[in-house]
């Protein structure tokens with residue numbers, strides 16, 4: 001098996017940063033949240049030495065609740081655009 005070339009790099013959002021999420025734990029409302037912890041996993045699904053990184057985020061006050069980076073946004077505007085797109089494509 002070849003060595004994975006793209007090892008974990010820094011996550012997009014850092015611990016302590018305020019981000020925007022479409023829901024948080026049992027609260028289904030879009031809201032701001034503070035990153036408490038990050039996890040990164042690199043998998044080489046094709047066994048070709050090129051890994052794909054997945055970033056997971058934990059939030060202050062949300063217990064073990066997590067979201068993937070694809071559902072974490074840098075601003076309220078970016079979150080609203082994501083939610084609008086979901087509605088438009090429903």
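Among the candidates 40, 9, 26, single out the residue that is touching a strand residue (DSSP E or B) at 6+ places or on another chain (Cβ under 6 Å), on the phi < 0 side of the Ramachandran plot and at pLDDT below 95.
So the residue among 40, 9, 26 that is touching a strand residue (DSSP E or B) at 6+ places or on another chain (Cβ under 6 Å), on the phi < 0 side of the Ramachandran plot and at pLDDT below 95 is 40.
Give segment 75-89 a look and list any residue that's touching a residue at least 12 places away in the same chain (Cβ under 8 Å) and in a helix (DSSP H, G or I), or say none.
76, 78, 79, 80, 82, 83 - these are the residues of segment 75-89 that are touching a residue at least 12 places away in the same chain (Cβ under 8 Å) and in a helix (DSSP H, G or I).
For residue 56, work out the one condition from (1) in contact (Cβ under 8 Å) with a residue 24 or more places away in the chain; (2) out of contact with any helix residue (DSSP H, G or I) (no Cβ under 6 Å at 6 or more places or on another chain); (3) assigned to a strand (DSSP E or B) it doesn't fulfil.
Only one criterion is unmet by residue 56, namely (1).
Which residues, counting only those in segment 59-74, are surrounded by 10 or more Cβ atoms within 10 Å (Cβ to Cβ) and either without any contact (Cβ under 8 Å) to a residue 40 or more places away in the chain or in contact with a strand residue (DSSP E or B) (Cβ under 6 Å, 6 or more places away or on another chain) (or both)?
59, 60, 61, 62, 63, 66, 67, 68, 69, 72, 73
Restricting attention to segment 26-38, and to residues there that are part of a strand (DSSP E or B) and free of Cβ contacts under 8 Å to residues at least 24 places away in the same chain, which single residue is farthest from residue 13 (Cα to Cα)? Before you say what the answer is, go through the steps one by one.
Step one: filter segment 26-38 for residues part of a strand (DSSP E or B), giving 27, 31-38.
Adding the requirement that they be free of Cβ contacts under 8 Å to residues at least 24 places away in the same chain leaves 27, 31, 37.
Numbers: 27: 21, 31: 16, 37: 10 Å.
Across segment 26-38, the extreme among qualifying residues is 27.
The values are calculated or read from the model by the stated rules, or taken from the named source; none is laboratory data. Keep in mind that this is a model prediction, so the values were computed, not measured. Every residue, glycine among them, receives a Cβ derived from its backbone with ideal geometry; neighbour counts consider all protein chains shown.
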